[in-house]
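K.L.:
Have a look at this one.
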Amino acid sequence: MKNNKLLSVMLIIMVAITLISVVALVVIMKFTGDDETKEPTADEIVESSVDIPEITTNLADDHFIKVAFKLQTDSKKAKEEAEKRNFQIQNIIIEQLSEMKAEDFHGKQGKAALRNRLKEEMNKLMQEGKIVEVYITSFIIQ
């Protein structure tokens with residue numbers, strides 16, 4: 001009878017340790033899992049990017065700008081949509097540039113503000129995905 005009691009206690013302790021281990025493992029995997037979003041590789045960026053050819057237009061202060069962009073999308077479907085909407089995207093770019101002055105482009109902040117504004121306006125058009133990043137690939141003001 002004493003052996004039976006000892007066996008029962010040992011079995012209960014082993015079950016408790018197993019349950020605690022399983023719970024600890026689940027908690028650790030939940031909080032240290034792959035929650036981080038992986039940065040895309042250079043090949044993935046190129047596959048989902050669209051080139052916007054060089055655009056020359058007037059600025060608000062009688063200067064003119066010659067600029068080209070590369071748009072990074074979040075998927076191949078978004079890339080295809082952006083390619084089809086190329087004329088609308090160019091229209092957005094021209095409209096935004098026509099409201100700016102040459103002094104708006106001084107320093108990194110000016111160009112970053114343009115890129116963010118363009119991304120926001122272009123994403124209003126997109127239905128199959130979104131524009132993740134707007135890169136300036138050529139830039140001249142005169």
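Every number here is computed from the coordinates shown, using simple stated rules; none is lab data. Computed from a predicted structure; not experimentally measured. Cβ placement follows ideal geometry from the backbone for every residue including glycine, while neighbour counts extend to all protein chains displayed.
K.L.:
Across region 88-93, in residue order, what do the Karplus-derived ³J(HN,Hα) couplings come to in whole Hz, using 6.51 cos²θ - 1.76 cosθ + 1.60 with θ = phi - 60° and x for Gly and Pro?
P.N.:
6, 5, 4, 4, 4, 4
K.L.:
Continuing with the same structure: Quote the relative contact order of the chain in percent (integer), defining contacts as alpha-carbon pairs under 8 Å separated by 6+ residues.
P.N.:
Dividing the mean separation by the residue count of the chain yields 27 percent.
K.L.:
On a straight-distance basis, which lysines could pair with Lys30 in a cross-link, Cα separation under 20 angstrom, same-chain partners fewer than 8 positions away excluded?
P.N.:
Hits, sequence-local ones excluded: Lys38.
K.L.:
Which lysines have a Cα lying under 17 Å from the Cα of Lys79, excluding residues fewer than 8 positions away in the same chain?
P.N.:
Lys70, Lys119, Lys124, Lys130
K.L.:
Report which label in (1) 12, 40, 35, 13, 1; (2) 10, 29, 19, 11, 7, 7, 7, 6, 3, 1, 0; (3) 11, 39, 30, 15, 5, 0 holds the value of P(r) over Cα pairs in 10 Å bins from 0, in percent derived from the coordinates of this structure.
P.N.:
Step by step, P(r) over Cα pairs in 10 Å bins from 0, in percent for this structure corresponds to label (2).
K.L.:
Right, here's the next one. Report the FRET efficiency, 1/(1 + (r/R0)^6), for Gln127 and Met29, where r is their Cβ-Cβ distance and R0 is 25 Å, rounded to 0.05.
P.N.:
0.10
K.L.:
Calculate one ³J(HN,Hα) per residue across region 38-55 by plugging θ = phi - 60° into the Karplus curve 6.51 cos²θ - 1.76 cosθ + 1.60, and present them in order as whole Hz with x for glycine and proline.
P.N.:
Couplings: 6, 6, x, 6, 4, 5, 5, 5, 5, 5, 10, 10, 10, 8, 9, x, 4, 10 Hz.
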